[in-house]
Amino acid sequence: MRIILVLIFIFITLAGCQQPDIKDVQYIYENSYIKVEIDEIEEVENGFFLTVTLESITEGGINKNDYAVAFPSQIILANGHEFYKINEEQKTEFVNDEKVMIREFYLSESENQKLAGFLSFSLYVKPTLNKKLVTFEIDGNRNNVMSDGIILTNIDIKDNYLRLNLNDVHPTKGIGVTIELEGERIYPLVSKTEQNLNTIKGEYEFAQPLPETIVLMVSRANLSETIWELPFTIEF
């Protein structure tokens with residue numbers, strides 16, 4: 001009987017200890033460049049840690065200088081309770097060449113405040129990809145290459161012609177395409193393009209047949225600030 005009472009006491013004591021309540025929520029935003037995922041909320045006394053991952057979905061990978069992420073200064077629950085961002089608690093971890101993890105802490109000014117119902121907020125992601133001249137080494141016909149926020153797809157080199165689709169984080173108005181051959185910059189004789197705000201479908205004719213391996217240069221005429229707003233609603 002004494003042993004049973006001791007075991008019951010240990011169980012009650014352990015149940016009463018405050019352990020972090022970790023929720024795997026898996027809310028995802030995705031565009032042509034990155035996948036942003038809120039994959040964990042760790043609730044602690046009077047606050048919580050919010051973990052966000054940025055993952056590249058292009059061959060170019062990701063590094064610490066590619067994107068700036070802004071968290072909201074406060075997050076408000078549906079019941080009106082507020083949690084405030086503690087800036088000095090933010091931590092950034094590079095998981096690998098494709099993924100970055102950011103962990104931010106939010107604290108409530110109320111005692112014993114718990115997460116309940118749902119909360120809505122937006123993250124803001126700013127691409128910091130701003131080269132005026134972006135260079136690609138094209139080795140044969142390739143489907144997908146990316147550098148500094150420019151994605152090239154459906155690349156086709158045949159005779160005097162270069163055909164490709166181009167997507168840019170910046171508006172593509174005024175973009176120029178040239179190649180480098182034997183140290184000399186070569187401009188196309190004829191350019192035929194179909195263009196939208198951030199995309200170009202282009203065919204470029206040159207004065208001479210193109211080798212299978214070329215250095216392709218894309219020049220940006222205009223660089224404008226681009227900010228993606230990522231709205232999230234999380235239920236508990």
Next item on the list: Check off (1) open to solvent by 60 Å² or more (accessible area, probe 1.4 Å); (2) assigned to a strand (DSSP E or B) for residue 114 and give me the number that stays unchecked.
Entry: (2)
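Evaluate the following for residue 136: is it within 22 Å of the chain's Cα centre (by Cα), farther than 18 Å from residue 86 by Cα and in contact (Cβ under 8 Å) with a residue 40 or more places away in the chain? It would help to see each step written out before you state the result.
Working: within 22 Å of the chain's Cα centre (by Cα): yes; farther than 18 Å from residue 86 by Cα: yes; in contact (Cβ under 8 Å) with a residue 40 or more places away in the chain: yes.
Considered against the rule, which asks whether it is within 22 Å of the chain's Cα centre (by Cα), farther than 18 Å from residue 86 by Cα and in contact (Cβ under 8 Å) with a residue 40 or more places away in the chain, residue 136 comes out as yes.
Does residue 230 satisfy the condition of being aliphatic (A, V, I, L, M), within 22 Å of the chain's Cα centre (by Cα) and open to solvent by less than 30 Å² (accessible area, probe 1.4 Å)? Write out each step before concluding.
Working: aliphatic (A, V, I, L, M): yes; within 22 Å of the chain's Cα centre (by Cα): yes; open to solvent by less than 30 Å² (accessible area, probe 1.4 Å): yes.
Answer is yes for this residue.
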Notebook entry, point to check: Do we have any residue at all in segment 175-190 that's open to solvent by 30 Å² or more (accessible area, probe 1.4 Å) and polar (S, T, N, Q)?
Noted result: no
Notebook entry, point to check: Of the residues 153, 172, 193, which is of a type in the set (Ser, Thr, Tyr), open to solvent by 20 Å² or more (accessible area, probe 1.4 Å) and within 26 Å of residue 36 (Cβ to Cβ)?
Noted result: 153
Next item on the list: Could you give me the residue pairs with C-beta distances under 8 Å whose first residue belongs to segment 88-104 and is on the phi < 0 side of the Ramachandran plot, whose second residue is exposed (fewer than 11 other Cβ atoms within 10 Å of the Cβ) and modelled with pLDDT under 75 wherever it lies, and which are 6+ apart or on separate chains?
Entry: 92/64; 94/64; 100/64
Notebook entry, point to check: If you scan segment 177-206, which residues turn out to be touching a strand residue (DSSP E or B) at 6+ places or on another chain (Cβ under 8 Å) and part of a loop (DSSP other than H, G, I, E, B)?
Noted result: 187, 188, 189, 198, 206
Notebook entry, point to check: With (1) over 29 Å from residue 111 (Cα atoms); (2) surrounded by fewer than 17 Cβ atoms within 10 Å (Cβ to Cβ); (3) polar (S, T, N, Q); (4) at pLDDT 85 or above as the list, and residue 53 as the residue in question, which single condition is left unmet?
Noted result: (2)
Checklist line | Residue under evaluation residue 174, criteria (1) at negative phi; (2) assigned to a loop (DSSP other than H, G, I, E, B), criterion not met | finding: (1)
Margin query: One residue is enough: does segment 13-25 have a residue meeting the conditions under 14 Å from residue 103 (Cβ atoms), at pLDDT 70 or above and among the aliphatic types (A, V, I, L, M)?
Written below: no
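Tell me whether segment 178-191 contains one or more residues that are at pLDDT below 90, out of contact with any His (no Cβ under 9 Å at 6 or more places or on another chain) and not hydrophobic (A, V, I, L, M, F, W, C).
Narrowing segment 178-191 to residues at pLDDT below 90: 181-183.
Still in the running and out of contact with any His (no Cβ under 9 Å at 6 or more places or on another chain): 181-183.
Next cut, not hydrophobic (A, V, I, L, M, F, W, C) only: 182-183.
Checking segment 178-191: at least one residue is at pLDDT below 90, out of contact with any His (no Cβ under 9 Å at 6 or more places or on another chain) and not hydrophobic (A, V, I, L, M, F, W, C).
Is it fair to say residue 84 is open to solvent by 10 Å² or more (accessible area, probe 1.4 Å), at pLDDT 80 or above, in a strand (DSSP E or B) and among the hydroxyl-bearing types (Ser, Thr, Tyr)?
On the way: open to solvent by 10 Å² or more (accessible area, probe 1.4 Å): yes; at pLDDT 80 or above: yes; in a strand (DSSP E or B): yes; among the hydroxyl-bearing types (Ser, Thr, Tyr): yes.
Yes, satisfied.
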Next item on the list: Considering only residues that are among the charged types (D, E, K, R) and assigned to a loop (DSSP other than H, G, I, E, B), look in segment 122-171 and name the one that is farthest from residue 220 (Cα to Cα).
Entry: 159
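The values are calculated or read from the model by the stated rules, or taken from the named source; none is laboratory data. All figures in this text were calculated on a predicted structure; none of them were measured in a lab. FYI the Cβ positions are ideal-geometry reconstructions off the backbone, even for glycines, and counts take in every protein chain you see. Surface accessibility is based on the protein's heavy atoms, side chains included, excluding ligands, DNA and RNA. Shrake-Rupley method; radii C 1.70, N 1.55, O 1.52, S 1.80 Å.
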